[in-house]
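Please read the structure below before turning to the comments.
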Amino acid sequence: MENWHQHCIPGLLDSFEEMKRIRQDLHQHPELGYQEERTSQIVANCLEDWGYQVTRNLGGTGVVGTLKVGHGDKSIGLRADMDALPITEAGGCPYASSHAGIMHACGHDGHTATLLAAARHLAQTRDFSGTLNLIFQPSEESDAGARAMLNDGLLEIAPCDMLYAWHNYPSPTLKFGQMSIGIGAVMASVDSLLIRIKGKGGHAASPHFTCDPIVAAGAIIQALQTIISRNANPFDCAAVSITSIHAGTNFNVIPGELEMKLSVRTFDQPQRTLIMQRIHDIVQAQATCFGVSAKITEAAVSYPAQVNAEAPTMLARRVAAQRFGAHNVIADHPPILAADDFAFMAQRVPACYINIGAGEGAALHNRHYDFNDALIPLAGSLLVYLTQAQLR
């Protein structure tokens, strides 16, 4: 987006340096899911200073700030995630992570700072009529912090007519500042599976006395690749990825057991059900062929697909086109096979998830990644505009 600053609210540009400082401070002190004690304390203190009614420790370390202005009966929720990842940073920036093996490799430090920027501006101007709920969520990367907040009564404490979330998106498919605002499934569901194969180990020189779990795993891996090519609808998008295999420790020993991990991603429930059933069928059939046993354990938390509802999405498109130019609103961006637990909230309230181009820096979940601070006033302005449009 050329001359991106001209699309930003002047008040957010004025606070840019302060919010950038907060973002970089959060980057330097990253915290994993449900451990965001320092981060949530900073968030809660800021919100209280600006006049929000604050609920702490929701869903563990989550924070909700509520501000009621005027006599409007509508409400809106804006969500930011706060957690970091178990990755060792390699960027070498002056505010690099001070916590070994933990870094903000997905930009949640930037999401938090952006929502704080919008929060302060909205509290100062109070240019809306209704109820604004700011949701600072823990543990998006694992263990479904969104679901934990819902289970703790999020929507009873902070009822919302509409919910919005956004994510920075460093990719050549979105130029800096362009906004992907699609209707329907825009991000995938994710199911995580652990497969344990038990055979009979032995000496590598006598494989005929063993039931080799590694050979069985090789056949399973090959057969799993046929699910997408021969069982899934070619017009649909899905992925079955083997992400980890562990077995054995020595050159001359065939191990007795093997573990492998799978990640399954789909966009609709019938496809999801089909693929999961085929995985179970293939694993058990191949195990029988090779004389081993196999047990499949599904992760305790699976994320549903993120489905954008029509009403909040159309509002977001209209607002974004008016404020940032229609050429910067991408309505037909291909769905993304990544997942986000905001999908749990979207199952309960009409919601819209927006990806905003961050330029072509390092990819998300990369040890060289760093959030593009220029997005703070840009995305913050979008959040303010959405609030004002909904709470008129």
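Only residues that are open to solvent by 60 Å² or more (accessible area, probe 1.4 Å), within 18 Å of Ile87 (Cα to Cα) and part of a loop (DSSP other than H, G, I, E, B): list them for the stretch 1-34, please.
Hit for the stretch 1-34 is Tyr34, nothing else.
Hey, can you tell me all the residues within the stretch 219-270 that are closer than 14 Å to Asp191 by Cβ, assigned to a helix (DSSP H, G or I) and at pLDDT 95 or above? Can you show your working first?
As a first pass, look at the stretch 219-270 and keep what is closer than 14 Å to Asp191 by Cβ: 224, 227, 238-243, 261-269.
Now narrow it down to the ones that are assigned to a helix (DSSP H, G or I): 224, 227, 269.
Of everything in the stretch 219-270, those that are closer than 14 Å to Asp191 by Cβ, assigned to a helix (DSSP H, G or I) and at pLDDT 95 or above turn out to be Leu224, Ile227.
Yes/no per residue for (1) modelled with pLDDT of 95 or more; (2) charged (D, E, K, R); (3) closer than 18 Å to Leu58 by Cα; (4) within 13 Å of the chain's Cα centre (by Cα):
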position: Gly101; (1), (2), (3), (4): yes, no, no, no
position: Ala105; (1), (2), (3), (4): yes, no, no, yes
position: Phe128; (1), (2), (3), (4): yes, no, no, no
position: Ser139; (1), (2), (3), (4): yes, no, yes, yes
position: Leu154; (1), (2), (3), (4): yes, no, yes, no
position: Pro170; (1), (2), (3), (4): yes, no, no, no
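May I ask you to list the residues in the stretch 217-254 that are open to solvent by less than 40 Å² (accessible area, probe 1.4 Å), within 23 Å of Asp268 (Cβ to Cβ) and touching a strand residue (DSSP E or B) at 6+ places or on another chain (Cβ under 8 Å)?
Within the stretch 217-254, Leu224, Ile227, Ala238, Ala239, Val240 meet the criteria.
Collect the residues in the stretch 98-128 that are open to solvent by less than 30 Å² (accessible area, probe 1.4 Å), of a type in the set (S, T, N, Q) and in a loop (DSSP other than H, G, I, E, B), keeping them in residue-number order.
none
Within the stretch 290-392, considering only strands (runs of 3 or more DSSP E) that don't extend past its boundaries, which have at least 3 residues that are among the aliphatic types (A, V, I, L, M)?
Working: elements: 293-298, 306-308, 351-357.
Filter on the stretch 290-392 gives 351-357.
For the stretch 45-56, does any single residue satisfy the condition of being touching a strand residue (DSSP E or B) at 6+ places or on another chain (Cβ under 6 Å) and part of a loop (DSSP other than H, G, I, E, B)?
Yes, that holds for at least one residue.
Enumerate the pairs (first residue in the stretch 185-209 and free of Cβ contacts under 8 Å to residues at least 60 places away in the same chain; second residue anywhere and in a strand (DSSP E or B) and open to solvent by 50 Å² or more (accessible area, probe 1.4 Å)) with beta-carbon separation below 8 Å, excluding pairs fewer than 6 apart on the same chain, so at least 6 apart or on different chains.
Every condition considered, the pairs that remain are Gly201/Val253; Gly201/Glu257; Gly202/Val253; His203/Val253; Ala204/Val253; Phe209/Lys200; Phe209/His203.
Specify the residue that is nearest to Cys352 (Cα to Cα); the eligible residues are those in the stretch 163-211 that are in contact with a Gly (Cβ under 7 Å, 6 or more places away or on another chain) and among the hydrophobic types (A, V, I, L, M, F, W, C).
Leu163
Here are the criteria: (1) modelled with pLDDT under 95; (2) surrounded by fewer than 15 Cβ atoms within 10 Å (Cβ to Cβ). Tell me which single one Glu37 does not satisfy.
(1)
From Ala188, Ala158, Ala165, Ala148, grab the single residue that is out of contact with any strand residue (DSSP E or B) (no Cβ under 7 Å at 6 or more places or on another chain) and open to solvent by less than 30 Å² (accessible area, probe 1.4 Å).
On the way: Ala188 fails: out of contact with any strand residue (DSSP E or B) (no Cβ under 7 Å at 6 or more places or on another chain); Ala158 fails: out of contact with any strand residue (DSSP E or B) (no Cβ under 7 Å at 6 or more places or on another chain); Ala165 fails: out of contact with any strand residue (DSSP E or B) (no Cβ under 7 Å at 6 or more places or on another chain).
Answer to the selection: Ala148.
Of everything in the stretch 264-291 that's touching a residue at least 60 places away in the same chain (Cβ under 8 Å) and open to solvent by less than 20 Å² (accessible area, probe 1.4 Å), which residue is farthest from Ala331 (Cα to Cα)?
Selected residue: Ala287.
If you check every pair at least six apart or on different chains, which have Cβ atoms under 7 Å apart with a residue in the stretch 337-351 that is within 17 Å of Asp268 (Cβ to Cβ) first and a residue that is acidic (Asp, Glu) second?
Asp340/Glu140
Do you know which residues across the stretch 29-72 are touching a His at 6+ places or on another chain (Cβ under 8 Å), in contact (Cβ under 8 Å) with a residue 12 or more places away in the chain and not hydroxyl-bearing (Ser, Thr, Tyr)? First the steps, then the outcome.
Residues of the stretch 29-72 touching a His at 6+ places or on another chain (Cβ under 8 Å): 29-31, 38-39.
Next, from what is left, pick out any that are in contact (Cβ under 8 Å) with a residue 12 or more places away in the chain: 29-31, 39.
If the condition is that a residue be touching a His at 6+ places or on another chain (Cβ under 8 Å), in contact (Cβ under 8 Å) with a residue 12 or more places away in the chain and not hydroxyl-bearing (Ser, Thr, Tyr), then His29, Pro30, Glu31 are the ones that fit.
Which members of the stretch 321-349 meet the condition of being in contact with a strand residue (DSSP E or B) (Cβ under 7 Å, 6 or more places away or on another chain) and either under 20 Å from Ala238 (Cα atoms) or surrounded by fewer than 17 Cβ atoms within 10 Å (Cβ to Cβ) (or both)?
Ala321, His333, Pro335, Ile336, Leu337, Ala338, Ala339, Asp340, Asp341, Phe342, Ala343
Return the total of residues in the stretch 43-59 being under 12 Å from Phe136 (Cα atoms) and either open to solvent by 40 Å² or more (accessible area, probe 1.4 Å) or among the basic types (Lys, Arg) (or both).
Counting residues in the stretch 43-59 that are under 12 Å from Phe136 (Cα atoms) and either open to solvent by 40 Å² or more (accessible area, probe 1.4 Å) or among the basic types (Lys, Arg) (or both) gives 2.
How many residues does the stretch 68-84 contain that are crowded, with 22+ Cβ neighbours inside 10 Å and either at pLDDT below 95 or part of a strand (DSSP E or B) (or both)?
Filtering the stretch 68-84 down to residues crowded, with 22+ Cβ neighbours inside 10 Å leaves 76-84.
From the residues that got through so far, the ones that are either at pLDDT below 95 or part of a strand (DSSP E or B) (or both) too are 76-81.
Summing the residues that are crowded, with 22+ Cβ neighbours inside 10 Å and either at pLDDT below 95 or part of a strand (DSSP E or B) (or both) in the stretch 68-84 gives 6.
Can you say whether Cys8 is closer than 18 Å to Ile135 by Cβ and either of a type in the set (A, V, I, L, M, F, W, C) or over 22 Å from the mean Cα position of the chain (by Cα) (or both), as far as the supplied structure shows? It would help to see each step written out before you state the result.
Details: closer than 18 Å to Ile135 by Cβ: no; either of a type in the set (A, V, I, L, M, F, W, C) or over 22 Å from the mean Cα position of the chain (by Cα) (or both): yes.
Against the criterion (closer than 18 Å to Ile135 by Cβ and either of a type in the set (A, V, I, L, M, F, W, C) or over 22 Å from the mean Cα position of the chain (by Cα) (or both)), Cys8 does not qualify.
The values are calculated or read from the model by the stated rules, or taken from the named source; none is laboratory data. Note that this is a predicted model, so its numbers are computed, not measured. Don't worry about glycine lacking a Cβ; one is built from the backbone with ideal geometry, like all the others, and counts go over all protein chains shown. Just the protein is used for accessible areas: all its heavy atoms, side chains included, with ligands, DNA and RNA removed. Shrake-Rupley method; radii C 1.70, N 1.55, O 1.52, S 1.80 Å.
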